[in-house]
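The values are calculated or read from the model by the stated rules, or taken from the named source; none is laboratory data. Predicted model only: the values in this text are computed from it and were never measured. When we count neighbours, we look across all protein chains shown, and the Cβ atoms used for this are built from the backbone with ideal geometry, even at glycine.
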Amino acid sequence: MLKTFLCSTANMSGRFQGKVAIITGSSNGIGRATALLFAKEGAKVTVTGRNTERLEASKQVLLDAGIPESHFLIVPADITLPSGQDDLIAKTLEKFGKLNILVNNAGASIKDPENKTGINQSLGTYEETMKINVESVIQMTQKTRPHLAATKGDIVNVSSIVAVKAGWSLLAYYPMAKAALDQYTRSAAIDLIAEGIRVNTVNPGIVQTGFHESEFGFTKEEAKAFYDEIGSNRSSIPVGFAGRPEHIAKTIAFLADRDSSEYIIGQNIVADGGTTLVLGIHANVANTLKNS
Ligand code: NDP
């Protein structure tokens with residue numbers, strides 16, 4: 001009782017008080033952390049993903065934080081299916097009556113069924129990669145447009161640093177998809193700001209979520225070892241640790257909060273602990289000098 005009272009008191013002054021947000025891919029990782037942060041700051045949030053166990057875990061995280069059930073909605077849906085998208089939007093409007101913020105966070109690096117890498121991956125893998133990382137964002141943007149125009153709303157897309165101008169020999173298609181998403185953000189931002197809707201993007205670096213378990217088939221322990229190893233290598237991540245979902249959630253919140261970022265339109269914010277500042281050649285030269 002006391003917990004609920006304290007929480008609702010905090011919500012009264014939150015920056016998302018009175019706002020309704022759909023956060024795709026919130027059954028795990030960055031999306032779950034974003035749903036929690038938004039809800040703590042007063043938003044009513046729709047939490048979604050395909051995996052019902054993970055959705056249940058997200059629900060528990062919200063309840064444990066003292067968020068009342070009236071402030072969130074759980075919708076199991078495949079965001080690549082038009083029926084899933086329609087369901088998500090309809091149920092959000094039915095429960096909360098409006099939509100202010102869309103976070104297009106669901107995304108994945110699709111594993112090739114024959115374990116092929118780089119440009120040897122099948123066209124089917126390419127198509128699936130584009131479907132989840134780009135097509136679903138286009139469809140969600142089109143479908144939520146009238147609702148976001150009505151509230152002068154905000155869209156935040158979650159891209160990646162793999163979209164920057166560098167080749168990725170292991171994975172050819174996921175970086176292509178995220179680069180397409182960045183370019184889509186720019187075009188959508190120009191069109192939609194005329195209706196009062198802002199569109200921006202966050203490009204995370206390495207973040208400790210379920211992402212690398214799916215991408216590389218890691219166990220939880222292997223994923224942890226990977227984050228510890230790469231995080232301790234300042235040639236890979238200058239800040240000295242792999243990111244946590246909360247780091248990205250805070251960046252998403254900044255871009256979704258009009259008071260904080262009203263004049264930012266169609267931009268990318270890189271949140272990567274400095275990874276994209278380091279060129280391989282610089283890391284090599286530094287190591288050579290250190291060892292000489
Ligand atoms: P997770 O694997 O932890 O979470 C991915 C989320 O996307 C899950 O909630 C998953 O839900 C959802 N999702 C995937 N496919 C679908 C689908 N077809 N329909 C509905 N939901 C789907 O990874 P992250 O939290 O790391 O990923 C979030 C975003 O961040 C992605 O766009 C990713 O590309 C991006 N990113 C992540 C980085 C990292 O290092 N972690 C780095 C750069 C970018 P479910 O499985 O329940 O369907």
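Those residues that are under 11 Å from Val20 (Cα atoms) and in a helix (DSSP H, G or I), I need them from the stretch 36-53; list them, please. Walk me through it before giving the result.
Kept after step one, since they are under 11 Å from Val20 (Cα atoms), are these residues of the stretch 36-53: 38-39, 42-46.
Residues satisfying the conditions are Phe38, Ala39.
Listed here are the residues, each with its yes/no results for (1) near the ligand (Cβ under 10 Å from one of its atoms); (2) closer than 21 Å to Leu171 by Cα; (3) modelled with pLDDT under 95; (4) among the basic types (Lys, Arg).
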site	(1), (2), (3), (4)
Val207	yes, yes, no, no
Phe216	no, yes, yes, no
Glu222	no, yes, yes, no
Pro238	no, no, no, no
Glu246	no, no, no, no
Ala253	no, no, no, no
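Scanning the stretch 156-182 for residues that are closer than 20 Å to Thr24 by Cα and more than 14 Å from the ligand (Cβ to nearest atom) gives no hits.
Listed by first and then second residue, the pairs with beta-carbon distance under 9 Å, at least 6 apart or on different chains, first residue in the stretch 30-46 and in contact (Cβ under 8 Å) with a residue 24 or more places away in the chain and more than 13 Å from the ligand (Cβ to nearest atom), second in a helix (DSSP H, G or I) and among the basic types (Lys, Arg), are Leu37/Lys250; Lys44/Lys95. Only a single item in (1) under 19 Å from Asn104 (Cβ atoms); (2) in contact with a helix residue (DSSP H, G or I) (Cβ under 9 Å, 6 or more places away or on another chain); (3) modelled with pLDDT of 95 or more; (4) not hydrophobic (A, V, I, L, M, F, W, C) is not met by Thr276, and it is number (1).
What number of residues within the stretch 109-154 are assigned to a helix (DSSP H, G or I), in contact with a strand residue (DSSP E or B) (Cβ under 9 Å, 6 or more places away or on another chain) and either farther than 29 Å from Glu262 by Cβ or small (Gly, Ala, Ser) (or both)? The number of residues fulfilling the criteria is 1.
Picking from Ile23, Ile79, which residue would you name as being surrounded by 17 or more Cβ atoms within 10 Å (Cβ to Cβ), within 11 Å of the ligand (Cβ to nearest atom), within 19 Å of Pro245 (Cα to Cα) and at pLDDT 95 or above? Steps first, please.
Details: Ile79 fails: within 19 Å of Pro245 (Cα to Cα).
Being surrounded by 17 or more Cβ atoms within 10 Å (Cβ to Cβ), within 11 Å of the ligand (Cβ to nearest atom), within 19 Å of Pro245 (Cα to Cα) and at pLDDT 95 or above holds for just one of Ile23, Ile79, which is Ile23.
Tell me the residue from Asp191, Asp182 that is surrounded by fewer than 17 Cβ atoms within 10 Å (Cβ to Cβ) and in a helix (DSSP H, G or I), please. Full working, then the answer.
Details: Asp182 fails: surrounded by fewer than 17 Cβ atoms within 10 Å (Cβ to Cβ).
Going through Asp191, Asp182 in turn, the sole match is Asp191.
Quick check on Ile138: is it more than 15 Å from the ligand (Cβ to nearest atom), within 16 Å of the chain's Cα centre (by Cα) and either closer than 21 Å to Ala249 by Cβ or β-branched (Val, Ile, Thr) (or both)? In short, no.
Inside the stretch 85-134, can you point out the residues that are under 16 Å from the mean Cα position of the chain (by Cα) and away from the ligand (no atom under 13 Å from the Cβ)? Of everything in the stretch 85-134, those that are under 16 Å from the mean Cα position of the chain (by Cα) and away from the ligand (no atom under 13 Å from the Cβ) turn out to be Ile101, Leu102. Only one residue in Ala166, Ala150, Ala106, Ala90 is within 25 Å of Lys250 (Cα to Cα) and either touching a Pro at 6+ places or on another chain (Cβ under 6 Å) or of a type in the set (Gly, Ala, Ser) (or both), so which one is that? The conditions single out Ala106.
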